[in-house]
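*Asks:* Dumping the structure here so I can ask a few things about it.
The values are calculated or read from the model by the stated rules, or taken from the named source; none is laboratory data. This is a predicted model, so every value here is computed, not measured. When we count neighbours, we look across all protein chains shown, and the Cβ atoms used for this are built from the backbone with ideal geometry, even at glycine.
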Amino acid sequence: MASQDWAEKDFYKILGVAKDASDADIKKSYRKLARKYHPDTNAGDAKAEKTFKDISEAYSVLSNKEDREQYDAIRAMGGGARFSAGGAGGQGGPTGFEDVFGDLFGGGRGGARRGTPGFNGSGLPPEFADLFGGGGFGGGYQPAPTKGADRSASTSISFGGSINGTKIAFREPSGDTIDVRIPAGIKDGQKVRVKGKGQSGAAGPGDLVVTVNVKPHDFFMRDGDNIRIHVPVTFPEAALGADISVPTLTGDTVRVRVPAGTPSGRTLRVKGAGVKTKKGDGDLLVTIDVSVPQKLSKDAEEAVRAFAAATADGDPRATLRDKAKL
């Protein structure tokens, strides 16, 4: 970089730091800007590439104690003023900018600024070269190798397979198979990723991403990590209360207490009898359905009529009119 260009550029402004900024502040600001404007994250953006080069140049000067002192001296003496270069061969023309400040760089008339030690082809100093994999700028930016693209697939599993976990196999066109382990507790629509089974790439293959669809069950219904079931009870059980047995996901049964006077539609909770996951166990939610017999024997019909007569003073619809008022 010629010293004339040094005088024309405000490296402190480019890095967004004060003129008395510490080395640590300069380094911190450069690291932040390098991440933002590096070509790896701004592919095809010429403006971002130019900004990245400018901040790299500014850091190369301000991070070097000797260069920073020389730069500050040039700015103090020349400011942003422009000087014309000397005539051909340095003869017969006005004094050039390089003649005025050339001795500051140990170079002669028209000499270019020496290279800054420690910078590499990525446009980053060594301590920052690992930020973007050391991608180069020398002779044109070369993007870092990338992994191959992911492949997608879908599968359907049984409700039991989603609760207990299962394993499925995908057959490749070549005849090879890929085993995919479905973890216990997976939900409908969730995805399973199989590392290294995607398309090939310079930095290694991508992954296989499998969307899992869970078939519904005739009895159990999943609600988050809870399981809902509907259990019928007789009128006497609902009216008088009862202990009933209900099935669980494990195939065993659990005893549930139905309180006296339980109406149809009330849901009772059995703690920890739902889906078991690494984060914890869901609950079993038991909704009570009071069963009404379709046919009654003569004795049963007489018993019901006797019950109706005994409870005639209780009208369950007595408050409906008040509730229905607009």
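*Asks:* Among the residues of segment 8-50, what is the count of those that are farther than 22 Å from E69 by Cα and not in a helix (DSSP H, G or I)?
*Replies:* Within segment 8-50, residues that are farther than 22 Å from E69 by Cα and not in a helix (DSSP H, G or I) number 5.
*Asks:* Then there's this: From (1) over 22 Å from the mean Cα position of the chain (by Cα); (2) at positive phi, pick out the condition that doesn't hold for G189.
*Replies:* It fails just one condition, (1).
*Asks:* Evaluate the following for K53: is it assigned to a helix (DSSP H, G or I) and either β-branched (V, I, T) or over 25 Å from the mean Cα position of the chain (by Cα) (or both)?
*Replies:* On the way: assigned to a helix (DSSP H, G or I): yes; either β-branched (V, I, T) or over 25 Å from the mean Cα position of the chain (by Cα) (or both): yes.
Yes: the conditions hold for K53.
*Asks:* Something else: Among (1) in contact (Cβ under 8 Å) with a residue 24 or more places away in the chain; (2) closer than 19 Å to N226 by Cα, where does V292 come up short?
*Replies:* Only one criterion in (1) in contact (Cβ under 8 Å) with a residue 24 or more places away in the chain; (2) closer than 19 Å to N226 by Cα is unmet by V292, namely (2).
*Asks:* Being assigned to a loop (DSSP other than H, G, I, E, B), loosely packed, with under 15 Cβ neighbours inside 10 Å and under 35 Å from the mean Cα position of the chain (by Cα): is that true of S174 here? Don't jump to the end; show me each part of the working.
*Replies:* Values: assigned to a loop (DSSP other than H, G, I, E, B): yes; loosely packed, with under 15 Cβ neighbours inside 10 Å: yes; under 35 Å from the mean Cα position of the chain (by Cα): yes.
Against the criterion (assigned to a loop (DSSP other than H, G, I, E, B), loosely packed, with under 15 Cβ neighbours inside 10 Å and under 35 Å from the mean Cα position of the chain (by Cα)), S174 qualifies.
*Asks:* I'm trying to understand the selection: among the residues of segment 226-258, which are part of a strand (DSSP E or B) and among the small types (G, A, S)? Before the answer, list the steps.
*Replies:* Residues of segment 226-258 that are part of a strand (DSSP E or B), as a first pass: 226-233, 242-247, 253-258.
Passing the criteria: A242, S245.
*Asks:* Among the residues of segment 1-40, which ones are surrounded by fewer than 15 Cβ atoms within 10 Å (Cβ to Cβ) and among the polar types (S, T, N, Q)?
*Replies:* Listed by number, the list holds a single entry, S22.
*Asks:* Sort out which residues of segment 198-221 are in contact with a strand residue (DSSP E or B) (Cβ under 8 Å, 6 or more places away or on another chain) and more than 30 Å from A149 (Cα to Cα), and write them in order of number. Don't jump to the end; show me each part of the working.
*Replies:* So in segment 198-221, the residues in contact with a strand residue (DSSP E or B) (Cβ under 8 Å, 6 or more places away or on another chain) come out as 198-199, 206-215, 219-221.
If the condition is that a residue be in contact with a strand residue (DSSP E or B) (Cβ under 8 Å, 6 or more places away or on another chain) and more than 30 Å from A149 (Cα to Cα), then F219, F220, M221 are the ones that fit.
*Asks:* If you go through segment 41-59 one residue at a time, how many are over 17 Å from K9 (Cα atoms) and either among the hydrophobic types (A, V, I, L, M, F, W, C) or surrounded by 15 or more Cβ atoms within 10 Å (Cβ to Cβ) (or both)?
*Replies:* Looking only at that region, the number is 5.
*Asks:* Here are some conditions: (1) farther than 15 Å from F220 by Cβ; (2) at pLDDT 95 or above. K323 meets all but one. Which one does it not meet?
*Replies:* Looking at each condition in turn, K323 falls short on (2).
*Asks:* Please determine, by comparing only the residues of segment 233-290 that are of a type in the set (S, T, N, Q) and in contact with a Gly (Cβ under 7 Å, 6 or more places away or on another chain), which one is modelled with the lowest pLDDT. Working first, answer last.
*Replies:* Initially, segment 233-290 is screened for residues of a type in the set (S, T, N, Q), giving 234, 245, 248, 250, 253, 262, 264, 267, 277, 287.
Okay, now just the ones that are also in contact with a Gly (Cβ under 7 Å, 6 or more places away or on another chain), so 277, 287.
Details: T277: 87, T287: 98.
So, considering only residues that are of a type in the set (S, T, N, Q) and in contact with a Gly (Cβ under 7 Å, 6 or more places away or on another chain), the one modelled with the lowest pLDDT is T277.
*Asks:* Of everything in segment 259-311 that's hydroxyl-bearing (S, T, Y) and not in a strand (DSSP E or B), which residue is nearest to the chain's Cα centre (by Cα)?
*Replies:* Looking at the filtered set, the residue picked out is S264.
*Asks:* OK, next. Consider segment 142-197. How many of its residues are closer than 18 Å to M221 by Cβ and among the hydroxyl-bearing types (S, T, Y)?
*Replies:* Within segment 142-197, residues that are closer than 18 Å to M221 by Cβ and among the hydroxyl-bearing types (S, T, Y) number 3.
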